[in-house]
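One structure is given here, and the rest of the page talks about it.
The values are calculated or read from the model by the stated rules, or taken from the named source; none is laboratory data. This is a predicted model, so every value here is computed, not measured. Note that each Cβ is placed from the backbone with ideal geometry, even for glycine, and that neighbours are counted across all protein chains shown.
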Amino acid sequence: MARAGRKTAVEWLIFAVLLTGVVLTCGPFAWMLGTSIKPDAEVFQFPPTLLTGDPKLDNYSEIFSAIPFGRAFLNSMIVCIAITLAQLIVCSMAAYAFACLEFRGREALFLIYLAALMVPPQVTIIPNFILVRTLGWIDTYQGLILPFAFSSFGTFLLRQYFKTIPRELIEAARIDGAKHWQIYLFIVMPLSRAALGALAIFAFVSQWNNFLWPLIATTRVEMQTVTVALSTLQGQYNTDWPLLMTGSVLAVAPVIAVFILGNRSFIAGLTAGGFGGR
Amino acid sequence: MARRVPLGRQDERVAWLFLAPSLILFTTFTGLPVLAAFLISFTQWDLFNPPRFVALGNYLTLARDGIFGKVMGNTAYFVLASVPAQMILGLLCALALNRGIMGQTFFRVAYFLPVVTSTIAAALVWAWLFNTNFGLINALLSSVGVSDPPRWLGSTAWAMPAVITVSVWQNVGYAMVLFLAGLQNIPRELYDAGAIDGAKGWKRLIYITLPLLSPTTFFVLIISIIGSFQVFELVFVMTNAGPANATNTLVFYIYQNGFQFYQMGYASAAAMVLFLIVLVATLVQYRLQTRWVHYG
């Protein structure tokens, strides 16, 4: 009896510590939201109030006139959706070749793609900037999208998944006279919805949060993505904390929604691939 | 059996068609740029005048540049402080959640939330929390009797610890998820066998769990080191590398020289230093992983 009692006490202690951890990890989000609805006078009050008694939503309309935040939102949506779709198509095609076809140089090429995971993105950013600038693609959607339309990580993830599809299925289709593009489109892709979903969520979220490339590939405020617009906002309103917090809430909200809806497949994708996760 | 379609020549052509889009994109935006970055690092190039070959000039300048020395020191400080902290906290969270505690999914989501959050937004809210005069952190400190709380982002001594804190906050959940996956890979029979030999509680942790978890631990270590060397956005938003370069780190320095000073050659040389560090870390991981694997 005494042992069992101590065990429960330990469990409760761990539970309490974990709850404190939640306050630390999620507290900043609450503070972000709380500040965004505070009246200006209350923001610089000391000691600060945790929750205002007089919530205001003014900042949520003001932010759209302070900078073209709506446009930035649209830009991010266009760029993220285009990159996600492009990666799904390009990576799955490459993965099909690596997993289901025989050709000379297969292992070597796959190794080269994998080796690219070791290259930090900051290494290629200078040549890519020079390339995009030479092409006149600064401040264009293609300049924001194309450098990320292929991903080694995505190819690796899908290839591993395609390899688990029974070979007999593919060979039976071949015997029935199916072409490879038919097998790819009507057998392999429909069977791989879980992996494709994980890649889609992962690609969307990491592109939504991407910062350095859109920062240097845009000069006009109309072409900025949400993260870049947020840093512009900081430059112009660096002490207007309620407005900055409003921008942060809006920048974070779509990703949190995607994450909570697709939590399981997101984490599955992250741990399956390992490398290139960040 | 006789109608089996021979794999081979016709596969070959189809394969290259399937690979074409990825090959074009990979070559244009990754393959050639890596080579180009290497070549540019031997030039002096401001993008307005033609590049001038300077051989190892940029690397020699890096070696002599006092700011670059400081930058490397700062980066090392950041990596050495943030990696162990996020790993230890991540492991503790994973061990706690792996006990089958109630609300496991809730805790997992709550701890992982910072990982998926935009670093720019996270950096903004933490800059506000660390605000010297009106921030919540100093308000809490003075409420417990600290009469002269740090000036945090405005102080050369405290700016870096503040940036490290945010990095740890953002990455604990990532380490936790990887550790949890590792813990769930440990076969139950080993614990049952251990129980017969009297391994319980701490003993079980030290003699069974931790050794069997070591491949995961090593993987998390390398991933964290590589990620930490690339810190940029936190510095960009919270301190803009200040005060007095106290938080200037390697990637910020690359950004600064490339895109603020337009010294493409010099920035590329600094980028090559980053590449070398990441390469060494990855090769160490690759060489040692076989030695760390305890189960098949």
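Can you pull out the residues in the range A:156-174 that are more than 22 Å from residue A:202 (Cβ to Cβ) and surrounded by 12 or more Cβ atoms within 10 Å (Cβ to Cβ)? Within the range A:156-174, A:169, A:170, A:171, A:172, A:173, A:174 qualify. Being basic (Lys, Arg) and either buried (at least 20 other Cβ atoms within 10 Å of the Cβ) or part of a helix (DSSP H, G or I) (or both) is the filter here; which residues of the range B:94-110 pass it? The one that is basic (Lys, Arg) and either buried (at least 20 other Cβ atoms within 10 Å of the Cβ) or part of a helix (DSSP H, G or I) (or both): B:108.
Go through the range B:142-164 and give me each residue that's touching a residue at least 12 places away in the same chain (Cβ under 8 Å) and among the polar types (S, T, N, Q). The answer is B:155, B:156. Checking each residue in the range B:246-273 for being of a type in the set (Val, Ile, Thr), surrounded by 24 or more Cβ atoms within 10 Å (Cβ to Cβ) and assigned to a helix (DSSP H, G or I) picks out B:251, B:254. Restricting attention to the range A:119-166 and to residues that are among the aromatic types (Phe, Trp, Tyr) and part of a loop (DSSP other than H, G, I, E, B), the residue that is nearest to the other protein chains (Cβ to nearest Cβ) turns out to be A:150. Return a yes/no flag: does the range A:40-50 have any residue that is within 14 Å of chain B (Cβ to nearest Cβ) and within 29 Å of residue B:102 (Cα to Cα). Yes, there is a match, as at least one residue in the range A:40-50 is within 14 Å of chain B (Cβ to nearest Cβ) and within 29 Å of residue B:102 (Cα to Cα). Can you name the residue in the range A:168-187 that is free of Cβ contacts under 8 Å to residues at least 40 places away in the same chain and of a type in the set (Phe, Trp, Tyr) and is also nearest to residue A:100 (Cα to Cα) among such residues? Ranking the qualifying residues of the range A:168-187, first place goes to A:181. Within the range A:89-124, the residues that satisfy the criterion of being touching a residue at least 60 places away in the same chain (Cβ under 8 Å) and within 18 Å of residue A:164 (Cα to Cα) are A:91, A:92, A:93, A:94, A:95, A:96, A:98, A:99, A:100, A:101.
Residues checked against (1) in a helix (DSSP H, G or I); (2) at the interface with another protein chain (Cβ under 10 Å from one of its Cβ atoms); (3) within 28 Å of the chain's Cα centre (by Cα); (4) hydroxyl-bearing (Ser, Thr, Tyr):
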residue	(1), (2), (3), (4)
B:12	yes, yes, no, no
B:32	yes, yes, yes, no
B:39	yes, yes, yes, no
B:47	no, yes, no, no
B:76	yes, no, yes, no
B:83	yes, no, yes, no
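Are any of the residues in the range A:192-204 within 13 Å of residue B:116 (Cβ to Cβ) and either modelled with pLDDT under 90 or surrounded by fewer than 18 Cβ atoms within 10 Å (Cβ to Cβ) (or both)? Yes, the conditions are met somewhere in the range A:192-204.
Checked across the range B:165-177, the condition of being farther than 26 Å from residue A:21 by Cβ and in contact (Cβ under 8 Å) with a residue 60 or more places away in the chain holds for no residue.
Of the listed requirements (1) in contact with a Gly (Cβ under 9 Å, 6 or more places away or on another chain); (2) touching a residue at least 24 places away in the same chain (Cβ under 8 Å), residue A:64 misses just one: (2). For residue B:66, the conditions (1) farther than 19 Å from residue B:174 by Cα; (2) within 13 Å of chain A (Cβ to nearest Cβ); (3) exposed (fewer than 14 other Cβ atoms within 10 Å of the Cβ) all hold with the exception of (2).
Among the residues making up the range A:220-244, those that are under 22 Å from residue A:148 (Cα atoms) and either within 11 Å of another protein chain (Cβ to nearest Cβ) or basic (Lys, Arg) (or both) are A:220, A:225, A:226, A:227, A:228, A:229, A:230, A:231. Please name all residue pairs, on different chains or six or more residues apart, with Cβ atoms under 7 Å, provided the first residue is in the range B:120-141 and is at the interface with another protein chain (Cβ under 7 Å from one of its Cβ atoms) and the second residue is among the hydroxyl-bearing types (Ser, Thr, Tyr). Pairs that qualify, where the first residue is at the interface with another protein chain (Cβ under 7 Å from one of its Cβ atoms) and the partner is among the hydroxyl-bearing types (Ser, Thr, Tyr), are B:120/A:227; B:120/A:231; B:121/A:248; B:124/A:248; B:125/A:248; B:128/A:35. Scanning the range B:147-171 for residues that are assigned to a helix (DSSP H, G or I) and within 14 Å of chain A (Cβ to nearest Cβ) turns up B:153, B:154, B:162, B:165, B:166, B:167, B:168, B:169, B:170, B:171. The set of residues in the range B:223-245 being surrounded by 19 or more Cβ atoms within 10 Å (Cβ to Cβ) and of a type in the set (A, V, I, L, M) consists of B:223, B:225, B:226, B:231, B:234, B:235, B:237, B:238, B:241. The condition of being within 14 Å of chain A (Cβ to nearest Cβ), touching a Gly at 6+ places or on another chain (Cβ under 6 Å) and closer than 28 Å to residue B:104 by Cβ holds for only one of B:219, B:179, that being B:179. Please state which one of B:19, B:91, B:113 is facing chain A (nearest Cβ under 7 Å), in a helix (DSSP H, G or I), in contact (Cβ under 8 Å) with a residue 40 or more places away in the chain and crowded, with 17+ Cβ neighbours inside 10 Å. Answer to the check: B:113.
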